[in-house]
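Here's the structure, in C-alpha coordinates; my notes come after.
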Amino acid sequence: MTTTTIRLPEDLKSRVAAAAKRSGTTAHGFILEAIAEKTQQAELRTDLDAEAEKRFAAIVTSGETISWSEMRKYLETRIAGKSAKRPVARKLAR
(Lines give C-alpha, C1' and ligand atoms only; values in the text may rest on other atoms or scores of the structure.)
Protein backbone atom coordinates (compact mmCIF):
# COMPACT_ATOMS: atom_id res chain seq x y z
CA MET A 1 0.00 0.00 0.00
CA THR A 2 1.33 3.43 -0.89
CA THR A 3 1.17 6.57 1.21
CA THR A 4 -0.42 9.82 0.09
CA THR A 5 -0.41 12.97 2.16
CA ILE A 6 -3.37 15.32 2.04
CA ARG A 7 -3.66 18.66 3.74
CA LEU A 8 -7.02 19.34 5.32
CA PRO A 9 -8.23 22.66 6.68
CA GLU A 10 -8.69 22.41 10.45
CA ASP A 11 -12.47 22.74 10.25
CA LEU A 12 -12.72 19.88 7.71
CA LYS A 13 -10.36 17.72 9.77
CA SER A 14 -12.60 18.25 12.81
CA ARG A 15 -15.72 17.44 10.81
CA VAL A 16 -14.12 14.26 9.43
CA ALA A 17 -13.06 13.18 12.92
CA ALA A 18 -16.57 13.77 14.29
CA ALA A 19 -18.24 11.97 11.38
CA ALA A 20 -15.83 9.05 11.71
CA LYS A 21 -16.55 8.78 15.43
CA ARG A 22 -20.31 8.76 14.77
CA SER A 23 -19.76 6.06 12.15
CA GLY A 24 -17.72 3.96 14.55
CA THR A 25 -14.55 4.12 12.50
CA THR A 26 -11.27 6.00 12.42
CA ALA A 27 -10.68 9.22 10.51
CA HIS A 28 -8.33 7.25 8.26
CA GLY A 29 -10.98 4.61 7.54
CA PHE A 30 -13.60 7.27 6.99
CA ILE A 31 -11.40 9.11 4.47
CA LEU A 32 -10.57 5.87 2.63
CA GLU A 33 -14.26 5.00 2.39
CA ALA A 34 -15.11 8.49 1.14
CA ILE A 35 -12.42 8.30 -1.54
CA ALA A 36 -13.61 4.82 -2.60
CA GLU A 37 -17.24 6.02 -2.82
CA LYS A 38 -16.31 9.11 -4.83
CA THR A 39 -14.15 7.01 -7.16
CA GLN A 40 -16.98 4.52 -7.73
CA GLN A 41 -19.39 7.39 -8.38
CA ALA A 42 -17.04 8.86 -11.00
CA GLU A 43 -16.58 5.45 -12.65
CA LEU A 44 -20.34 4.85 -12.77
CA ARG A 45 -20.84 8.30 -14.28
CA THR A 46 -18.25 7.52 -16.95
CA ASP A 47 -20.04 4.24 -17.74
CA LEU A 48 -23.40 6.05 -17.91
CA ASP A 49 -22.00 8.71 -20.25
CA ALA A 50 -20.50 6.02 -22.51
CA GLU A 51 -23.80 4.12 -22.66
CA ALA A 52 -25.71 7.33 -23.42
CA GLU A 53 -23.31 8.17 -26.25
CA LYS A 54 -23.64 4.63 -27.63
CA ARG A 55 -27.43 4.79 -27.55
CA PHE A 56 -27.54 8.24 -29.11
CA ALA A 57 -25.25 7.05 -31.90
CA ALA A 58 -27.66 4.16 -32.52
CA ILE A 59 -30.56 6.61 -32.74
CA VAL A 60 -28.67 8.81 -35.18
CA THR A 61 -27.66 5.79 -37.28
CA SER A 62 -31.07 4.12 -37.36
CA GLY A 63 -33.22 7.23 -37.14
CA GLU A 64 -35.55 5.27 -34.86
CA THR A 65 -36.76 6.27 -31.44
CA ILE A 66 -39.73 5.98 -29.09
CA SER A 67 -41.64 9.10 -28.08
CA TRP A 68 -41.48 10.06 -24.42
CA SER A 69 -45.28 9.98 -24.11
CA GLU A 70 -45.37 6.36 -25.34
CA MET A 71 -42.49 5.30 -23.12
CA ARG A 72 -43.91 7.07 -20.09
CA LYS A 73 -47.28 5.37 -20.53
CA TYR A 74 -45.53 2.01 -20.87
CA LEU A 75 -43.40 2.57 -17.76
CA GLU A 76 -46.33 3.81 -15.67
CA THR A 77 -48.35 0.74 -16.65
CA ARG A 78 -45.46 -1.58 -15.72
CA ILE A 79 -44.88 0.22 -12.40
CA ALA A 80 -48.58 -0.29 -11.62
CA GLY A 81 -47.93 -4.02 -11.94
CA LYS A 82 -49.90 -4.44 -15.15
CA SER A 83 -48.63 -6.04 -18.34
CA ALA A 84 -48.04 -3.70 -21.23
CA LYS A 85 -47.02 -4.08 -24.84
CA ARG A 86 -43.56 -2.66 -25.46
CA PRO A 87 -43.55 0.49 -27.58
CA VAL A 88 -42.15 0.09 -31.09
CA ALA A 89 -39.36 2.37 -32.28
CA ARG A 90 -40.22 4.53 -35.26
CA LYS A 91 -38.26 6.78 -37.58
CA LEU A 92 -37.71 10.27 -36.24
CA ALA A 93 -39.93 12.92 -37.80
CA ARG A 94 -37.80 15.50 -39.58
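Being of a type in the set (D, E, K, R) and touching an Asp or Glu at 6+ places or on another chain (Cβ under 8 Å) holds for only one residue in Lys91, Lys85, and it is Lys91. In the set (1) of a type in the set (Lys, Arg); (2) surrounded by 10 or more Cβ atoms within 10 Å (Cβ to Cβ); (3) in a loop (DSSP other than H, G, I, E, B); (4) out of contact with any Phe, Trp or Tyr (no Cβ under 8 Å at 6 or more places or on another chain), Lys82 fails one condition alone, (2).
I'd like the full set of residues that are surrounded by fewer than 10 Cβ atoms within 10 Å (Cβ to Cβ) and of a type outside the set (Gly, Ala, Ser), limited to the stretch 61-71.
Thr61, Trp68
What is the one condition in (1) in contact (Cβ under 8 Å) with a residue 12 or more places away in the chain; (2) exposed (fewer than 10 other Cβ atoms within 10 Å of the Cβ) that Asp11 does not satisfy? So Asp11 meets the others, but not (1). Against the numbered list (1) out of contact with any strand residue (DSSP E or B) (no Cβ under 7 Å at 6 or more places or on another chain); (2) assigned to a helix (DSSP H, G or I), Pro87 comes up short only at (2).
For the stretch 71-94, which residues satisfy the criterion of being in contact (Cβ under 8 Å) with a residue 24 or more places away in the chain and more than 27 Å from the chain's Cα centre (by Cα)?
Scanning the stretch 71-94 gives Arg90, Lys91, Leu92.
Let's see how each residue does on (1) modelled with pLDDT under 95; (2) not in a helix (DSSP H, G or I):
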{"site": "Thr3", "(1), (2)": "yes, yes"}
{"site": "Arg7", "(1), (2)": "no, yes"}
{"site": "Ser14", "(1), (2)": "no, no"}
{"site": "Ala18", "(1), (2)": "no, no"}
{"site": "Ile31", "(1), (2)": "no, no"}
{"site": "Ala34", "(1), (2)": "no, no"}
{"site": "Gln40", "(1), (2)": "no, no"}
{"site": "Leu44", "(1), (2)": "no, no"}
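The values are calculated or read from the model by the stated rules, or taken from the named source; none is laboratory data. What you see is a predicted model; the values in this text were computed from it and never measured. When we count neighbours, we look across all protein chains shown, and the Cβ atoms used for this are built from the backbone with ideal geometry, even at glycine.
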